[in-house]
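The values are calculated or read from the model by the stated rules, or taken from the named source; none is laboratory data. None of the values given here were measured: they were computed from a predicted structure. Don't worry about glycine lacking a Cβ; one is built from the backbone with ideal geometry, like all the others, and counts go over all protein chains shown. Side chains included, ligands, DNA and RNA excluded: accessible areas come from the protein's heavy atoms. Shrake-Rupley method; radii C 1.70, N 1.55, O 1.52, S 1.80 Å.
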Amino acid sequence: MFRASNSLIGFVNFMTFLLSIPILGGGIWLSSRATQTDCLRFLQWPMIVVGAAILVISLMGFVGSCYRISWMLWLYLFFMFFVIATLFGLVIFAYAVTAKGSGRPLLNRGYEDYYLTDYSGWLKDRVSETKYWSKISACIHDSKTCPKLRRTVGGVPESADMFYRMRLSPIESGCCKPLSACGFTYVNETLWNPNPGLLLGDPDCSRWSNDQDQLCFSCDSCKAGVLASLKKSWRKVSVINIVVLIILVIFYVVGCAAFRNNRRLDNDEPYGVNRMTKAQPTRIHF
């Protein structure tokens, strides 16, 4: 029974080791996405830290079960509890800060427009802070996201109708073109002429610049596009985290039961001792 219980703990820890891989992968994926879109590098670190912690702790439990080191198994269960609590908190946090806001569909357009007023909460305030936004906008500029939109057909820039059918990412729509409500006239993907006959009511209309180094990087729509991109990325990673969290909880409960069984067996008498014989008083024959 001891071997079976120990093998069960070893199996559980091996599985938690495997589960740490998608969590680490999610954090690394967010990191790779950050270099191309939102550039918020501080947001993927909790995922990487949790994934690395699960990896190290599961190895600790695996070694403890293989070599029957009870104190290491106890530490494994102790720290794994806090890892599960942290992962649960990250899932709740990710859904809470991305609960509001989405793109606004446009008639006869393949893309959506993004408005900062549609978003609220901690993430919006974080992105909108000057010290963070200056870094984010510079990162978007350096990633050449907008220049990559430019396409030609037979050496001629694509037509307005072709551009309107494009499915732009939130970053491309919010940062690389003006809002559709501004009524600008299309020249090419990143060059738009203002229409003086239209009332430019949204402040972003006056923030747009045909300077290819400026475009709409100072617009609220660009910040909203970043938030929309974050929401999509975080929701995808959160789905993986929820599945991992459920499996971790199940494994943790199984591990606790196996650990208690090991402790009970450690406290039992050595194999070969007959308990019934011990319970009966010894008779002395003369």
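What to note about this one:
- Filter result for F14 (modelled with pLDDT of 80 or more and open to solvent by 80 Å² or more (accessible area, probe 1.4 Å)): no
- The criterion of at least 1 residues that are among the aromatic types (F, W, Y) is met by the following helices (runs of 4 or more DSSP H) wholly inside region 139-241: 160-164.
- Count of region 62-88 residues which are under 15 Å from L248 (Cβ atoms), aromatic (F, W, Y) and either more than 30 Å from the chain's Cα centre (by Cα) or exposed (fewer than 15 other Cβ atoms within 10 Å of the Cβ) (or both): 3
- Meets criteria (over 11 Å from K223 (Cα atoms) and either exposed (fewer than 13 other Cβ atoms within 10 Å of the Cβ) or of a type in the set (G, A, S) (or both)) for R167: yes
- Residues that are under 15 Å from C175 (Cβ atoms), surrounded by fewer than 18 Cβ atoms within 10 Å (Cβ to Cβ) and not basic (K, R), drawn from region 122-144: S128, W133, S134, A138, D142, S143
- Exactly one residue among N210, N188 is touching a strand residue (DSSP E or B) at 6+ places or on another chain (Cβ under 6 Å) and either among the small types (G, A, S) or free of Cβ contacts under 8 Å to residues at least 24 places away in the same chain (or both), and that residue is N210.
- Boolean, L179 is over 26 Å from S137 (Cβ atoms), surrounded by 15 or more Cβ atoms within 10 Å (Cβ to Cβ) and either more than 26 Å from the chain's Cα centre (by Cα) or touching a residue at least 24 places away in the same chain (Cβ under 8 Å) (or both): no
- Checking the stated criteria, A224 turns out to be small (G, A, S) and open to solvent by less than 10 Å² (accessible area, probe 1.4 Å).
- Residue selected from region 104-116 under the condition free of Cβ contacts under 8 Å to residues at least 60 places away in the same chain and not in a strand (DSSP E or B), by the criterion least open to solvent (accessible area, probe 1.4 Å): G110
- Scope region 182-211; condition β-branched (V, I, T) and open to solvent by less than 30 Å² (accessible area, probe 1.4 Å); matching residues: T190
- Among the residues making up region 108-125, a single one is basic (K, R) and within 15 Å of D220 (Cβ to Cβ): K124.
- Scope region 61-103; condition touching a residue at least 60 places away in the same chain (Cβ under 8 Å) and outside any helix (DSSP H, G or I); matching residues: R68, T98, G101, S102, G103
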